[in-house]
Amino acid sequence: MVFEKIRAIISEQLAIEEDKVQLETTFEDLGADSLDLFQVIIELEEEFGIQLENAENIKSVKDAVDYVTAKIA
């Protein structure tokens, strides 16, 4: 469930198809720059009601899923 929400957010923010967003996909693979990543993080914070610290450590979709899952647990 967390992955699906994150995938939808990333897909919308980066204007790419959802099937291109897999757990092992890095944001670099998706062509995301620092501004894109910042926008994704803002959306994640709003969607899940959390605050992401150390966002620079989030390099892949799996990193984002793991981080959000830990914060909402």
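Please verify whether the range 59-71 includes one or more residues that are open to solvent by less than 50 Å² (accessible area, probe 1.4 Å) and part of a loop (DSSP other than H, G, I, E, B).
Here is the first cut: in the range 59-71, the residues open to solvent by less than 50 Å² (accessible area, probe 1.4 Å) are 60-61, 64-65, 68.
Within this subset, residues satisfying the condition of being part of a loop (DSSP other than H, G, I, E, B) are none.
Within the range 59-71, none of the residues are open to solvent by less than 50 Å² (accessible area, probe 1.4 Å) and part of a loop (DSSP other than H, G, I, E, B).
Taking the range 11-24, which residues are within 13 Å of ILE58 (Cα to Cα) and either touching a Leu at 6+ places or on another chain (Cβ under 9 Å) or exposed (fewer than 14 other Cβ atoms within 10 Å of the Cβ) (or both)? Working first, answer last.
Quick first cut of the range 11-24, residues within 13 Å of ILE58 (Cα to Cα) only: 23-24.
Within the range 11-24, just GLU24 meets the criteria.
How about the range 46-58: which of its residues are open to solvent by 90 Å² or more (accessible area, probe 1.4 Å), of a type outside the set (D, E, K, R) and under 19 Å from LEU23 (Cα atoms)?
ASN57
With the condition kept exactly as written, say whether any residue in the range 33-44 is surrounded by fewer than 16 Cβ atoms within 10 Å (Cβ to Cβ), out of contact with any His (no Cβ under 9 Å at 6 or more places or on another chain) and under 17 Å from MET1 (Cα atoms).
No, the conditions are met nowhere in the range 33-44.
Would you please name the residue that is nearest to ALA70 (Cα to Cα), looking only at residues in the range 1-40 that are hydrophobic (A, V, I, L, M, F, W, C) and in contact (Cβ under 8 Å) with a residue 40 or more places away in the chain?
At the first step, the residues of the range 1-40 found to be hydrophobic (A, V, I, L, M, F, W, C) are 1-3, 6, 8-10, 14-16, 21, 23, 27, 30, 32, 35, 37-38, 40.
Within this subset, residues satisfying the condition of being in contact (Cβ under 8 Å) with a residue 40 or more places away in the chain are 2-3, 6, 10, 21, 23.
Numbers: VAL2: 11, PHE3: 13, ILE6: 14, ILE10: 19, VAL21: 20, LEU23: 16 Å.
Step by step, filter the range 1-40, then rank; the result is VAL2.
With the structure loaded, tell me whether PHE27 is open to solvent by 90 Å² or more (accessible area, probe 1.4 Å) and within 10 Å of the chain's Cα centre (by Cα) or whether it fails that test. Give the steps one after another, and end with the answer.
On the way: open to solvent by 90 Å² or more (accessible area, probe 1.4 Å): no; within 10 Å of the chain's Cα centre (by Cα): yes.
In short, no.
The values are calculated or read from the model by the stated rules, or taken from the named source; none is laboratory data. None of the values given here were measured: they were computed from a predicted structure. Positions of Cβ are generated from backbone atoms using ideal geometry, with glycine treated the same way; all protein chains shown enter the neighbour counts. Quick note on the areas: whole protein, heavy atoms, side chains included, nothing else; ligands and nucleic acids left out. Shrake-Rupley method; radii C 1.70, N 1.55, O 1.52, S 1.80 Å.
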